[in-house]
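Quick notes on the structure that follows.
Read-outs: derived from the displayed coordinates by stated rules, not from any lab. Being a predicted model, the structure only gives us computed values, none of them experimental. Glycine also receives a Cβ, built like all others from the backbone with ideal geometry; neighbour counts cover every protein chain displayed.
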Amino acid sequence: MSSSLYRRLHNIFGTSLPTKSAQTCNTLKSLPTKESKLKELVDKFKKSSELGKFRSKQDVYYSTVHRLASAKQFSMIEDILEDQKKYKDISIEGFAIRLITLYGKSGMLDHAHKMFDEMPELQCERTVKSFNALLAACVNSKKFDKVEGVFTELRAKLSLEPNVVSYNTVIKAFCEMGSLDSALSWVDEMERNGLDANLITYNTLLDAFYRNNRFLDGEKIWAMMETKNVVPDIRSYNAKFRGLVFERRTSEAVELIEELRTKGLKPDVLSFNALIKSFCNDGNIEEAKRWYKELMKCKCVPNWVTFTTLVPFLCEKGEFDMAFKICKKIMKRHYPVKKEILQLVVDGLVKESKLEEATELVELGRSNSFRYKLELCSDK
DNA sequence: CTAGGGTTAG
């Protein structure tokens, strides 16, 4: 192998020493730290918030807060969200809900709760929707054990009537805690209050039961749906696929594809991923490949999971050409890719002296890092 | 603008 290719392969996987120029950069220039860059972002965000049009862009709020949360800059999140309370929008419930949701997704449940408590003094009406946003904030912040308390306390104190969404959120919390039987008893509770479980309720339960390897109970939920005339959708089927794959019942998974098709549903990426995984488990590469092709034929988009299940298996079987093709497809969609898997493919291609392909993958890997796009002040 | 359900991880 040429030495320059070798060096490039090692650079991309980070196993070589930093280059001279990088060292110089770090020592002499003292690059702006991540925090100071984010601080800049915070200031820009607060300045932009003065514009009413900016405040209506909720996706910018979500992406900015998400970026700060993944950098663990929680005080910056507090900074930009508390700053929003001075605008008249805060008396619109939808805007307050946005802040509650953002705090919840950032794991800041106390802040979400405080926001909810402050709504009356901010002249903002509270309905069951903001109540539900607070319940969801418990779930999103993974403080699942807080849900029940918030539910009972607020129902008593504010005499808000919970609806299906409220119950579904509580049920989700119990599912996440693995308390599946409590989740079921909340379905009863909800029905005692005159509310019917809907498709979302059932899908939440199906997902939890099959995921916890309680296949027979999953089947019981499925039967309940039928008696209540709730029509399963592709998510219901995908939950069942997970159960079948876990139980290594590959042929039944194949039959399930046929079944959902007769019901007028279309399998999606998750369905195909399940089939691919099942055949990989069985060591059946031909069928795994066939289902990948079927996925492509159905105009589904292979994703991170497709990649992670299929590519290592292809490498194991020495099918580096197909592994290469799939890697290219995935990386062009800018999914962050596990570099250990990429390494397997590159090693295989190098072993087969397919240096051009190996180089191409390495180059793609270099540009594969996730890029954050944000256009602040784009509406000035 | 407004609340609830899917694989990873950003």
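Compute the Cα gyration tensor for segment A:162-231, then decide on rounded, prolate or oblate, letting a ≥ b ≥ c be the square roots of its eigenvalues: rounded whenever a/c is under 1.5, prolate when a/b is larger than b/c in the other cases, and oblate in all that remain.
Details: a/c = 1.90, a/b = 1.18, b/c = 1.61.
The shape class here is oblate.
How far apart, in nanometres, would the label points at residue A:338 and residue A:46 be if each is projected 7 angstrom from Cα along the Cα-to-Cβ direction?
4.2 nm
Hey, got a sec? Which GluC sites (Glu not before Pro) in segment A:77-139 land in a DSSP loop and have at most 15 other Cβ atoms within 10 Å?
Working: sites: A:78, A:82, A:93, A:118, A:121, A:125; in loops: A:125.
Listed in order of number, the matching sites are A:125.
Test of understanding: what is the full-extension gain from residue A:156 to residue A:317, defined as 0.36 nm times their sequence separation minus their Cα-Cα distance? Can you show the working numbers first?
Details: separation 161, 0.36 × 161 = 57.96 nm, distance 6.13 nm.
So the chain would gain 51.8 nm between residue A:156 and residue A:317.
Pull out a ≥ b ≥ c, the square roots of the eigenvalues of the alpha-carbon gyration tensor of segment A:240-317, then state rounded if a/c is under 1.5, prolate if not and a/b is larger than b/c, and oblate in the remaining case.
Numbers: a/c = 1.90, a/b = 1.29, b/c = 1.46.
Oblate, because a/c is 1.5 or more while a/b does not exceed b/c.
Just tell me the longest site-free run in chain A, where the sites are chymotrypsin sites (Phe, Trp or Tyr not before Pro) in a DSSP loop having at most 12 other beta-carbon atoms within 10 Å. Walk me through the numbers on the way to the answer.
Details: sites that count: A:370, A:372.
In chain A, the maximal stretch lacking such sites is A:1-369.
Could you give the spread of the C-alpha atoms of chain A along their three principal axes, from largest to smallest, in whole angstroms?
73, 62, 33
Quickly work out the residue A:38-to-residue A:355 label distance, labels modelled 7 Å from Cα along the C-beta direction, and quote it in nm with one decimal.
4.3 nm
Please go through the residue pairs A:53/A:88; A:297/A:329; A:37/A:332; A:328/A:354 and name each one whose alpha carbons sit more than 18 Å apart in this structure. Intermediate values should be presented prior to the final figure.
Numbers: A:53/A:88 13 Å; A:297/A:329 15 Å; A:37/A:332 28 Å; A:328/A:354 15 Å.
Distance filter (> 18 Å) returns A:37/A:332.
Based on the Cβ-Cβ distance from residue A:117 to residue A:293, what FRET efficiency comes out when R0 is 56 Å, to the nearest 0.05? Present the calculation step by step, with values, prior to reporting the outcome.
Working: r = 55 Å, r/R0 = 0.98.
The calculated FRET efficiency here is 0.50.
Give the lysines whose C-alpha is closer than 18 Å to that of residue A:263, dropping any in the same chain fewer than 8 places away, or say none.
Within the straight-line limit of under 18 Å, residue A:263 reaches these lysines: A:228, A:240.
Filter the cross-link list A:39/A:85; A:44/A:72; A:72/A:146 down to pairs whose alpha-carbon distance in this structure exceeds 24 Å. Could the numbers behind the result be given before it?
Values: A:39/A:85 20 Å; A:44/A:72 19 Å; A:72/A:146 22 Å.
Table pairs above 24 Å Cα-Cα: there are none.
Among A:298, A:68, A:288, which residue has its Cα positioned farthest towards the positive end of the charge dipole of chain A, with +1 placed on the Cβ of Lys and Arg, -1 on the Cβ of Asp and Glu, and the dipole taken about the Cα centre?
My answer, from the dipole projection, is A:68.
For segment A:45-156, take the convex hull of the Cα atoms, compute a quarter of its surface area, and give me that in nm², please. Present the calculation step by step, with values, prior to reporting the outcome.
Values: hull surface 25.8 nm².
Value for segment A:45-156: 6.5 nm².
If you take the beta carbon distance between residue A:216 and residue A:56 as r and set R0 to 51 Å, what does 1/(1 + (r/R0)^6) give as a FRET efficiency, to the nearest 0.05? It would help to have the intermediate numbers written out before the result.
Values: r = 49 Å, r/R0 = 0.96.
So the FRET efficiency works out to roughly 0.55.
Kindly identify segment A:177-268 as rounded, prolate or oblate by the Cα gyration tensor criterion: order the square roots of the eigenvalues as a ≥ b ≥ c, call it rounded if a/c is under 1.5, otherwise compare a/b with b/c, prolate if a/b is larger, else oblate.
Cα axes put segment A:177-268 in the oblate bin.
In nm, what is the difference between 0.36 nm times the number of residues separating residue A:75 and residue A:179 and their Cα-Cα distance? The partial results should precede the final answer.
Working: separation 104, 0.36 × 104 = 37.44 nm, distance 3.35 nm.
Residue separation times 0.36 nm, minus the Cα-Cα distance, leaves 34.1 nm.
Using +1 at the Cβ of each Lys and Arg and -1 at the Cβ of each Asp and Glu in chain A, identify which of A:194, A:130, A:361 lies farthest towards the dipole's positive end.
Positive-end residue among those listed: A:361.
Whole Å is fine, so just give me how far the alpha carbon centre of segment A:160-206 lies from that of segment A:226-246.
Cα centroid of segment A:160-206 versus Cα centroid of segment A:226-246: 17 Å apart.
So, R0 is 30 Å and r is the distance between the beta-carbons of residue A:249 and residue A:145; what FRET efficiency does that work out to, to 0.05?
Details: r = 34 Å, r/R0 = 1.15.
Calculated value: 0.30.
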